[in-house]
Amino acid sequence: HRRRPIPVATRRPGISVLKPLAGVDDDLEDNLASFAALAYEGPWEILLGVHDTGDPAWPIAHAAAKRWPERFRLHVQEDETGLKPKVNQLITLERHAAHEVLVVSDSNVRIHAGYLEEIAAFITQPDVSCVTHPVIGLGEETLGSTMDNTHLATSIAAGQVSAMEASGKPLVVGKSMAFWRGDLERLGGFTAVKDCLAEDFVFGWRVRYELKKRVVMGRIPVAGYSRRKTVADFRRRYERWGVVHRTSISVTTSLSQGLLQPWSFAALALLISPSQRTLAALVAVVLLKMGLDLFFLHFFRPTRVTPKLLGALLLKDVIVQWCWFRGFFVRTVTWRGNKLRVGMQSRLLPMEPEAAIAPSAVAP
């Protein structure tokens with residue numbers, strides 16, 4: 001995937017980058033500055049969105065719009081259309097966008113100067129409707145951020161590329177996704193996914209199977225910056241992802257995801273039949289999984305191997321496997337300060353009154 005040449009753009013369409021903000025992410029100012037430094041020969045703009053002027057991100061976004069007025073525009077969310085806060089902001093931003101290609105980019109993402117050139121090169125190819133990118137993490141200072149950033153490279157980015165290469169299945173991640181605006185409108189716009197927790201995944205599948213067009217994966221990863229997250233922050237994030245995964249895909253695929261952490265089955269074997277042989281098997285599986293993680297880290301973001309890094313690789317795998325298991329039994333998530341109930345196909349549902357919920361009523 002990485003060795004393939006980037007195609008030559010047949011033209012350079014106008015591009016509107018939609019960037020919803022909520023709170024102050026690590027290095028938010030630098031993340032925004034990386035977009036101001038984009039080198040693109042076609043027309044482009046950055047639309048920053050906040051829920052209201054009381055959001056902590058407001059002064060930073062306002063300063064960016066004042067510093068780069070020719071590129072940045074700031075918009076406050078105009079209505080509360082659905083249950084997904086991010087999509088509500090995207091509806092407002094799309095309404096004010098000027099160009100024919102829309103790029104959705106999360107607030108903690110930092111990109112390279114040729115980002116829009118690469119998107120234009122892919123999206124102008126025949127039958128291409130959507131361009132997404134592998135997502136890695138950078139900038140870690142704490143254990144929680146080390147776990148988060150390494151998991152993005154070793155599991156998420158590697159999984160995105162592998163899914164596209166091995167099976168041709170679209171795996172779109174909302175940290176970087178670009179659409180032709182006309183195709184987005186044919187799918188019902190952002191309003192069509194106003195109540196979907198995994199709106200990025202849903203869009204990718206709809207492009208492929210409803211529009212019968214191609215989703216392509218960019219060559220150069222985009223980086224989400226995480227510096228000072230705690231282990232609890234990591235756990236909460238992947239507990240949410242565990243619910244998203246379980247409600248977005250089939251039971252068979254969900255069960256198969258457990259095999260991404262093979263050490264847990266080797267540990268179960270040791271518990272069932274304790275012996276030197278099963279202990280050796282567990283040690284071998286753990287070392288092989290760690291070796292695979294280190295390979296992908298070197299591939300996506302060369303990293304110095306330290307005891308802290310090795311500990312983070314082990315701990316993240318334990319937490320991720322717990323979150324996978326938990327996803328079969330839990331149907332609520334907390335996202336951007338909002339508690340949400342999730343149905344199948346990641347469809348968000350109104351929360352029921354607390355008094356009306358009995359423990360036996362929780363969906364298995």
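The values are calculated or read from the model by the stated rules, or taken from the named source; none is laboratory data. If you're wondering where the values come from, they're calculated on a predicted model, not measured in any experiment. Backbone-built Cβ (ideal geometry, glycine too); neighbour counts: all protein chains shown. Ligands, DNA and RNA are excluded from the accessible area calculation, which covers all protein heavy atoms including side chains. Shrake-Rupley method; radii C 1.70, N 1.55, O 1.52, S 1.80 Å.
Descriptive notes on the structure:
- Qualifying residue in the stretch 295-314 (condition: surrounded by 12 or more Cβ atoms within 10 Å (Cβ to Cβ), in contact with a Ser or Thr (Cβ under 9 Å, 6 or more places away or on another chain), without any contact (Cβ under 8 Å) to a residue 60 or more places away in the chain and under 26 Å from residue 171 (Cα atoms)): yes
- When 320, 333 are checked against the criterion of being modelled with pLDDT of 80 or more, assigned to a helix (DSSP H, G or I) and under 19 Å from the mean Cα position of the chain (by Cα), a single residue qualifies: 320.
- Evaluation of residue 168 against the conditions (1) surrounded by fewer than 20 Cβ atoms within 10 Å (Cβ to Cβ); (2) touching a residue at least 24 places away in the same chain (Cβ under 8 Å) shows that the sole unmet condition is (2).
- Residues of the stretch 109-134 that are in a helix (DSSP H, G or I), surrounded by fewer than 24 Cβ atoms within 10 Å (Cβ to Cβ) and of a type outside the set (A, V, I, L, M): 117, 118, 122.
- Number of positions in the stretch 59-83 that are modelled with pLDDT of 95 or more, assigned to a loop (DSSP other than H, G, I, E, B) and under 24 Å from the mean Cα position of the chain (by Cα): 1
- Output for the stretch 86-108, where each listed residue is open to solvent by 20 Å² or more (accessible area, probe 1.4 Å) and in a helix (DSSP H, G or I): 94, 95, 96
- Residues satisfying the stated conditions in the stretch 60-81, i.e. open to solvent by 10 Å² or more (accessible area, probe 1.4 Å) and either among the aromatic types (Phe, Trp, Tyr) or touching a Ser or Thr at 6+ places or on another chain (Cβ under 9 Å) (or both): 62, 68, 75, 76, 77, 78, 79, 81
- Only one of the listed residues (292, 313, 271) is more than 23 Å from residue 146 (Cα to Cα) and either in a helix (DSSP H, G or I) or of a type in the set (Val, Ile, Thr) (or both). That residue is 271.
- Enumeration of residues in the stretch 249-278 that are aliphatic (A, V, I, L, M), surrounded by 14 or more Cβ atoms within 10 Å (Cβ to Cβ) and free of Cβ contacts under 8 Å to residues at least 60 places away in the same chain: 249, 266, 267, 269, 270
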